Every structure is written in C-alpha cells, then in structure tokens.
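Take a look at the structure below.
The values are calculated or read from the model by the stated rules, or taken from the named source; none is laboratory data. Remember, it's a predicted structure, so these values are computed and weren't measured experimentally. Note that we place each Cβ from the backbone using ideal geometry, even for glycine, and neighbour counts take in every protein chain shown. Just so you know, the surface numbers come from the protein's heavy atoms only, side chains and all, with ligands and any DNA or RNA stripped out. Shrake-Rupley method; radii C 1.70, N 1.55, O 1.52, S 1.80 Å.
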Amino acid sequence: MKGADISEKKKRALTNIAWAISGKIVSLTSVLVVGIIVARYLGKEQYGIMNYVVSFVAIFQVFADFGLDFIQIREESKDLTQRDRIVGTTFALKLFFALLTIVAILITIVLFEPDYSVRTYIMIYALSVILNTTWVSRNHFTAIVWNEYVVKTEISRTLIGVAIKVVLVLFHLPLVWFICSLLLDSLLLAVGYTTSYAHKVDSIRKWRFDGVLAAYMIRQSFPLLLSGAAIIVYNRIDQMMIGKMIDQSHLGVYSVAVRFAELLVFVPTIISQTISPMLVEARQGSVEHYEELSCRFMNITVSACILLALLTSLLSYPLVYFTFGQMYIGAASVLSILAFKVIGDALSQTSGQLIIIEGIQKYASIRNVIGCVTCIVLNLIFIRHYGIHGAAYVAIITIFVSGTVADFLIPSYRRIFYKQVKAICFGWMDIVHIKSLLR
C-alpha cells in the first residue's frame, strides 16, 4: 500500500511538472519572439528604457510579496480546511504591502529619477504590484498540486499579450503603449487566476482576514523576504546600474543577451523539477541509493549545461544577428560571456534542490545575501571599467559565489559543495547513466 501511495504521488507530481514545463516553454518562447519584434521596433535606447522600468519595479515587487507566497502554500498544504482564512489573510496582507510599495516607488522616483517620462512609465507599470496580489489564487492551486488551471491561464495571457504587442508595432505606437501592455499582462493574469479560483474552487467572497494568523504569517515570512530581496536584487540590479552608470542604449544591448541567457536557465530548471520527486522518494528508502542518485543528478545537469554554454558562446554572433539584427550585434560578445552563467545556475539549482529535500534550508538565505552583496560591490567596479561586458562577468561570478562558494562557507552545506566540485571536474562521466535518473 505504501509503495502504491508513493507511486501515485510520483505520478501526480510528474503530471504537475509536465504542466509547469509546458507553460514555461510557451512563456519563454513567446518572450523571445516578442522581445525580438519589440526590440527591433523600439531601438536600443527605448528598449533599454523598457527593461529599466521592468527591473526597477521588479526589485520593489519583492517587498510587496513579503515572502508570503511560500507561507501560504505551506499552511494550506498542512490544513486545507482553513483555506478561506489562510487565503483571505494572505490577500489582505499582500494588498497592504502592495499599497506601501506603491508609495515607496513614488517617493524613490521623485528623489532619484530626474526624467519625467521615465517616472511616468514606472508609475504606470507599478500598478501591476496591486494586480499581483491575486497570486494568492495561484498559490492555492500550487498548494493542492493542481497546476493545470494556472498554466492554462498563463498560456492564454501570453498568447493574448503577444498579439497585443504585435498590433502595437503594426500601428507604430510609442513606448508608453508598450509599458501599458505590460500592465495589461498583469491584469490578464489577475482576471485569469481569480476566475479559475471562483470556477474550480469557491467564491472569493468567502475569504476572511484573521489578525492572529496575520501576525504569525508576517513573523514566518520575514526571513523569506530578506532572501527573496537578495535574489531579485542580484538578478536585476545589473540592468538598473547599467542604465544609470552608462546609458539606456547600452542597457538595451545588454538586455538582448539577458533574454538568451534566461532561455538557457530553463534546462537546469526542467531537469531539477523532473528529477526532484524521484530524489524525494529515493531518500525515503536507501540512503546509499539517494546519495548515488543525487550525485548523478548533479553531474548530469552540470555537464549538460557546460556543453550548452560552450555551444551558445560559439554561436553567439549568428544567434544575435539572425534574431535581433545588426542593431544589437554588440550583444553577441556579451552573450558569449553570459552563456557560462548557466553552469553556475545548474550548480545553484541542483544544490538548492538537495538542500530542500534534505531539510537543511535553515541557512539557505545566507547564500542569497552573499550573492547580493557580491553582485552590487563588483558591479560598481566592473561596469565602471568594463561596461556591459563587466556586468556579464559579474553575473557569472555572483551565481558561482552564491550557489557554490557559499556552500563551502556554510558547514551544513559543505558536503554538497564537494559534490559540486566533483560535478564540474568529473560529471561528464555520468552522462551514460542518464536513463537511471528516471527509473
């Protein structure tokens, strides 16, 4: 009976992952296609401004979320009978923090952003912070391992968003319309999530706020806020610093290289999501089998990403030229560097999965804080001396420091660090055993 239960859980987890991967493929493909169309139309400077606006708001978004998403999912997973109280309390808290975030954004741009048009773009897109409070509906579907309706919503939003941006290009509309279209993307998601919840779960009118639960959730989420803030800062701060320290035109070029780098990260993400349920099941059985499987998982993922990085780096010029065009050819040399970030992502994601599976995530936020500090300090030096290529080098250094070196510095994770070193040096030897991961 126990074996049957585990197999059923594995089947459900794999179905959930299949939906998540399908949604991610559609999303990433659409982002690249739209990015090509919009970047060619807007030109380097305006495309840079658009990416600056998105990065600016993204950094503030983490404070609006306040780490509450994971807490909501965890609490619902523990006791679904308290669904309305948990979802309602989370929504109320997220709305409160979202309103505070809007005020913080306004104060920040008044003090530090002299360009009136950029201020306007930021405040338009900042309204998405309010709309993103509806992610509490998405979190509920995640808690009950039911990704189908989430993915359907996100695919629909993506396809509609693509169509709208193509229309904007065909009608030769200015940048402000594209900023508004980004806000519309958030609105489509908000409507989709709440509609799916109301149709498949229950009325949102049953959500209720609980003050005692709210205080508990804030205490629980605060460490996650710090960790989340560190992650979003070191993933977005380089684009903001390029916009401020150089100019928006260079940011536009750098953003093109980032689009390709984001596609590469999908590979370790897919492998991690697919193999994790098997690792969880293996750990419930033989320790020796789990250790063997976890090493193989890391070795194969890292080796695949090393090959992917080399291939992308070698093909960077034709990749940029035949997609974004001659205008953005400067992104090719940046991509040839940034491609190797996927190796650091592979090391970070695989070790992160093992940390969660083994229940030793207590110190995980330290990795992110180390990465955040490294990113900011090095970007101040490298961007000033080496421009956008310096930012690419810092992106690679940061992910290796936060996802690998930090594991050596934290005693509880040192055993995982040695696995990472082995994966870099000898991981290729396990490629022939790839089928064993799926047994």
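Could you check, for the stretch 384-402, whether at least one of its residues is part of a helix (DSSP H, G or I) and on the phi > 0 side of the Ramachandran plot?
Just the residues of the stretch 384-402 that are part of a helix (DSSP H, G or I), to begin with: 384-402.
Now drop any that are not on the phi > 0 side of the Ramachandran plot, which leaves 387.
Checking the stretch 384-402: at least one residue is part of a helix (DSSP H, G or I) and on the phi > 0 side of the Ramachandran plot.
Out of curiosity, is residue 141 open to solvent by 50 Å² or more (accessible area, probe 1.4 Å) and either hydrophobic (A, V, I, L, M, F, W, C) or touching a residue at least 60 places away in the same chain (Cβ under 8 Å) (or both)? Give the steps one after another, and end with the answer.
Working: open to solvent by 50 Å² or more (accessible area, probe 1.4 Å): no; either hydrophobic (A, V, I, L, M, F, W, C) or touching a residue at least 60 places away in the same chain (Cβ under 8 Å) (or both): yes.
In short, no.
Just wondering, is there one or more residues in the stretch 122-145 that are under 22 Å from the mean Cα position of the chain (by Cα), modelled with pLDDT under 90, more than 27 Å from residue 234 (Cα to Cα) and in a loop (DSSP other than H, G, I, E, B)?
yes
Can you report the number of residues in the stretch 110-131 which are open to solvent by less than 10 Å² (accessible area, probe 1.4 Å) and either free of Cβ contacts under 8 Å to residues at least 24 places away in the same chain or of a type outside the set (A, V, I, L, M, F, W, C) (or both)?
1
Just wondering, is there one or more residues in the stretch 233-244 that are in contact with a helix residue (DSSP H, G or I) (Cβ under 6 Å, 6 or more places away or on another chain) and open to solvent by 50 Å² or more (accessible area, probe 1.4 Å)?
Within the stretch 233-244, one or more residues are in contact with a helix residue (DSSP H, G or I) (Cβ under 6 Å, 6 or more places away or on another chain) and open to solvent by 50 Å² or more (accessible area, probe 1.4 Å).
Give the residues of the stretch 187-227 that are open to solvent by 40 Å² or more (accessible area, probe 1.4 Å) and of a type in the set (Phe, Trp, Tyr), sorted by residue number.
Answer for the stretch 187-227, where residues must be open to solvent by 40 Å² or more (accessible area, probe 1.4 Å) and of a type in the set (Phe, Trp, Tyr): 207, 209, 216, 222.
Can you tell me how many residues in the stretch 322-349 are assigned to a loop (DSSP other than H, G, I, E, B) and touching a helix residue (DSSP H, G or I) at 6+ places or on another chain (Cβ under 7 Å)?
Looking only at the stretch 322-349, we keep the residues that are assigned to a loop (DSSP other than H, G, I, E, B), and these are 322-325, 329, 339-340.
When the remaining residues are screened for being touching a helix residue (DSSP H, G or I) at 6+ places or on another chain (Cβ under 7 Å), the result is 323-325, 329, 339-340.
Total satisfying the criteria: 6.
Test residue 91 against the stated conditions and say whether it is at pLDDT 85 or above and open to solvent by 10 Å² or more (accessible area, probe 1.4 Å). Even if it seems obvious, please write down each step before you answer.
Details: at pLDDT 85 or above: yes; open to solvent by 10 Å² or more (accessible area, probe 1.4 Å): yes.
Yes; evaluated as a whole, the condition is true for this residue.
Among the numbered criteria (1) small (Gly, Ala, Ser); (2) without any contact (Cβ under 8 Å) to a residue 40 or more places away in the chain; (3) open to solvent by 20 Å² or more (accessible area, probe 1.4 Å), which one does residue 249 miss?
Going through the list (1) small (Gly, Ala, Ser); (2) without any contact (Cβ under 8 Å) to a residue 40 or more places away in the chain; (3) open to solvent by 20 Å² or more (accessible area, probe 1.4 Å), residue 249 breaks only (2).
Just to verify a result, which residue in the stretch 283-321, among those that are free of Cβ contacts under 8 Å to residues at least 24 places away in the same chain and not in a helix (DSSP H, G or I), is nearest to residue 41 (Cα to Cα)?
315
Within the stretch 399-426, how many residues turn out to be open to solvent by 70 Å² or more (accessible area, probe 1.4 Å), in contact with a helix residue (DSSP H, G or I) (Cβ under 8 Å, 6 or more places away or on another chain) and over 10 Å from residue 367 (Cα atoms)?
5
So residue 184 passes all but one of these: (1) open to solvent by 50 Å² or more (accessible area, probe 1.4 Å); (2) aliphatic (A, V, I, L, M); (3) in contact with a Cys (Cβ under 7 Å, 6 or more places away or on another chain). Which condition number does it fail?
(3)
Of the residues 351, 316, 294, 333, which single one is open to solvent by less than 10 Å² (accessible area, probe 1.4 Å), closer than 19 Å to residue 35 by Cβ and hydroxyl-bearing (Ser, Thr, Tyr)? Steps first, answer last, please.
Details: 351 fails: closer than 19 Å to residue 35 by Cβ; 294 fails: closer than 19 Å to residue 35 by Cβ; 333 fails: open to solvent by less than 10 Å² (accessible area, probe 1.4 Å).
Going through 351, 316, 294, 333 in turn, the sole match is 316.
Which numbered condition in (1) out of contact with any Leu (no Cβ under 6 Å at 6 or more places or on another chain); (2) modelled with pLDDT of 85 or more is the only one that residue 261 fails?
(1)
Before we move on, is residue 33 among the β-branched types (Val, Ile, Thr), at pLDDT below 95, open to solvent by 10 Å² or more (accessible area, probe 1.4 Å) and farther than 22 Å from residue 161 by Cβ?
Against the criterion (among the β-branched types (Val, Ile, Thr), at pLDDT below 95, open to solvent by 10 Å² or more (accessible area, probe 1.4 Å) and farther than 22 Å from residue 161 by Cβ), residue 33 does not qualify.
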